[in-house]
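Please read the structure below before turning to the comments.
The values are calculated or read from the model by the stated rules, or taken from the named source; none is laboratory data. All of these numbers come straight from a predicted model, not from anything done at the bench. Note that each Cβ is placed from the backbone with ideal geometry, even for glycine, and that neighbours are counted across all protein chains shown. Heavy atoms of the whole protein, side chains included, go into the accessibility calculation; ligands, DNA and RNA do not. Shrake-Rupley method; radii C 1.70, N 1.55, O 1.52, S 1.80 Å.
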Amino acid sequence: MNEPLNDLYEARFAEHEVDAKQSIWDEIGRYLQRYVDPARPVLDLACDRGHFIRAIQGSERWATDIRDMRSSLPADVRFVQSSGLELDAVMPPGHFGTVFMSNYLEHLESSEAVIKQLSVAHRLLAPGGRVVVLQPNIRLVGGRYWDFIDHRVALTERSLLEAAELAGLRTERLVTRFLPYSTKGRLPSARFLTRAYLAFPPAWLVMGKQTLYVGTRE
């Protein structure tokens, strides 16, 4: 049943773009490591090819996707094939120090599903654990938000914040303008340029179309 998804995502990025995307993610992961405790397990939810989990440190590295992505992941990553909305039934609750999601929530069927997904992430976290979300912001992106045929839910920083708090998370950090909309766009693919961008927040105010949310389970 996942063949249309496989075809869609294979068509979206050519192989050379996948390699360039990993270079970008190596630097994004380096920046986000400050929110990921390397002494605790970390989960990459809706991992795709595992760009985030490759770039991050944790005592255990887990990944999940509705598609079978095992062949794309490093050997030490524990992969669970499942719908994200059902993860608390197939993965250990209260186990993770970090649950990460990137460019995922907009693919869900409804705003209610967004709240449910964040609630599932909350249940997977150990006390003091964090949910880290990178999310395109329709208020900043405008009509380009719908350039991807599988986008269904429109989210801004405010609706993301509200959904997370309804799911029981305490907001630790919210950066409305963080990354550009797409790695196919304006974010420089050379690692040193990406690192320079992340080290210079004034550039985010010009180029940032994705929101960074960090929430904590108390």
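Here are the numbers:
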| item | result |
| --- | --- |
| Condition broken by Arg173, with the remaining ones in (1) out of contact with any Asp or Glu (no Cβ under 9 Å at 6 or more places or on another chain); (2) part of a helix (DSSP H, G or I); (3) closer than 21 Å to Val36 by Cβ; (4) basic (Lys, Arg) satisfied | (2) |
| Top-ranked residue in the stretch 194-211 [being open to solvent by 40 Å² or more (accessible area, probe 1.4 Å) and of a type outside the set (A, V, I, L, M, F, W, C); ranked as nearest to Arg158 (Cα to Cα)] | Lys209 |
| Breaking point among (1) modelled with pLDDT under 95; (2) in contact with a Cys (Cβ under 8 Å, 6 or more places away or on another chain), for Ala63 | (1) |
| Condition check for Ala199: under 26 Å from Gly97 (Cβ atoms) and within 17 Å of the chain's Cα centre (by Cα) | no |
| Total residues in the stretch 128-139, condition open to solvent by 20 Å² or more (accessible area, probe 1.4 Å) and touching a strand residue (DSSP E or B) at 6+ places or on another chain (Cβ under 9 Å) | 3 |
| Number of the condition not met by Arg152 [criteria: (1) more than 30 Å from Ser82 (Cβ to Cβ); (2) in contact (Cβ under 8 Å) with a residue 12 or more places away in the chain; (3) open to solvent by 50 Å² or more (accessible area, probe 1.4 Å)] | (1) |
| Residue identified as more than 23 Å from Ala89 (Cβ to Cβ), polar (S, T, N, Q) and either surrounded by 14 or more Cβ atoms within 10 Å (Cβ to Cβ) or touching a Gly at 6+ places or on another chain (Cβ under 6 Å) (or both) among Ser111, Ser182, Ser119 | Ser182 |
| Meets criteria (touching a strand residue (DSSP E or B) at 6+ places or on another chain (Cβ under 7 Å) and either under 16 Å from Val114 (Cα atoms) or outside any strand (DSSP E or B) (or both)) for Leu155 | yes |
| Pair list, Cβ < 9 Å and 6+ apart or interchain, from the stretch 124-141 residues that are within 14 Å of Val42 (Cα to Cα) and at pLDDT below 95 to residues that are β-branched (Val, Ile, Thr) and open to solvent by 40 Å² or more (accessible area, probe 1.4 Å) | none |
